[in-house]
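Okay, structure first, notes after.
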Amino acid sequence: MTTTLSEKTTTSAPPHRNARRRGSGWKRRAPLLPALVFTIAVTQVPFLLTVIYSFQSWNLVRPGSQHFVGFDNYVDVLTDSQFRGAMLNTLLLTVVCVFVSMVLGLGLALLLDRAFPGRAVVRTLIITPFLILPAAGALLWKTTMFDPTYGLVNFVFGTDVDWLSEFPLASVMAQIVWQWTPFMTLLILAGLQAQSKEVLEAAQMDGAGRWRIFASVTLPQLARYLQLAALLGAIYIVNSFDAIYLMTQGGPGTASTNLPFYIYQRAFEGFDIGQSSAMGVIVVVLTLVIATFALRLMFRSFDVSGGVK
């Protein structure tokens, strides 16, 4: 029976050489152990405790009320109309903000990809909103843009609308889109600058117009960057809390309440640890499912060796 060269090499390798390889492998991995331990301590341990609390009925205003209830918290959460409303608001907020910020980011990236005087200054100014803290940006829009008396929006349009009361969810969307459009612009601009200039010149020499070049050459090149922007934007926007807490407090009523804010209300205003933990577990599971599906779609654009197909 014949054996391959690799099999011969493996079987004939002395034991001390294999031990030396294992030792060198541990030496390379040892510096990463503190980071691994820290990551497990700050992410997995709290999540494990959240899962444990989600199977208990525990309200902090009732001492001694902690006891095991099984899946009752999950049943109560899934049958809660306010939870379903918050989930719908979260879905609407995420989809609209990601889509609008991507469209605006695409337009700005196409403009910034052209050469014009002062382009570096314009690029710096455009990314400024993304560098502002979310809490500061929310307060800025609440007091400067949407104030019913002194707000710039009413001044520009000549109205006297109380935007945060009459259009709370749309107002929060406007602030989040303003905050995340620069991020989308940077990602899409990187994709535009990575495309081959020879291909664009060849398309122009073949007589293709600007729209034809954009639809047939540029947009397919940007597909991977648009998918990455949508994935990262959705992961962060679905967890939006600062804008809702500081601008609308989830109101009027529950008109602008999303899942993170509703979980905050149940945990820190209603002191219901059990049901708020169950809500957190449901949100994490749904986020993981959506993120996994999106990552699989995005990874289809890359081969096993890491190159782009």
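Read-outs: derived from the displayed coordinates by stated rules, not from any lab. For clarity, every value in this text was computed on a predicted model and none was experimentally measured. Note that each Cβ is placed from the backbone with ideal geometry, even for glycine, and that neighbours are counted across all protein chains shown.
Observations, loosely collected:
- Derived scalar couplings between HN and Hα for segment 210-224 equal 5, 5, 5, 5, 5, 6, 9, 10, 5, 5, x, 5, 7, 4, 5 Hz in order, rounded to whole Hz, by the Karplus curve 6.51 cos²θ - 1.76 cosθ + 1.60 (θ = phi - 60°), x for Gly and Pro.
- Most positive-pole-ward Cα, Leu192, Ala138, Val69, against dipole of the chain from beta carbon charges: Leu192
- Relative exposure of Tyr53, Tyr245, judged by other C-beta atoms within 10 Å (fewest first): Tyr245, Tyr53
- For segment 56-89, the list of chymotrypsin sites (Phe, Trp or Tyr not before Pro) that fall in a loop by DSSP and count at most 15 other C-beta atoms within 10 angstrom reads Phe71.
- Seen from Phe146, the other residues with C-beta closer than 15 Å to its C-beta sum to a net charge of -3, counting Lys and Arg as +1 and Asp and Glu as -1.
- Amide H contacts under 5 Å for Gln56, placed H, 5+ residues apart: Val69
- If R0 is taken as 22 Å, the Cβ-Cβ distance between Tyr150 and Leu125 corresponds to a FRET efficiency of 0.35.
- Cα→Cβ-extended label distance, 7 Å offset, between Val103 and Arg296, nm: 3.0
- Those chymotrypsin sites (Phe, Trp or Tyr not before Pro) in segment 138-188 that DSSP places in a loop and that have at most 15 other beta carbons within 10 Å: Tyr150
- Rel. contact order, % - alpha carbon contacts under 8 angstrom, at least six apart, segment 80-269: 38
- Within the chain, helix-based [θ] at 222 nm, where runs of 4 or more DSSP H residues each add -39,500 (n - 2.57), nearest 500: -20500 deg cm²/dmol
- Shape category assigned to the chain from the gyration tensor of Cα positions, a/c cut at 1.5: oblate
- A DSSP coil position with no more than 11 other Cβ atoms inside 10 Å describes the following trypsin sites (Lys or Arg not before Pro) in segment 70-147: Arg114.
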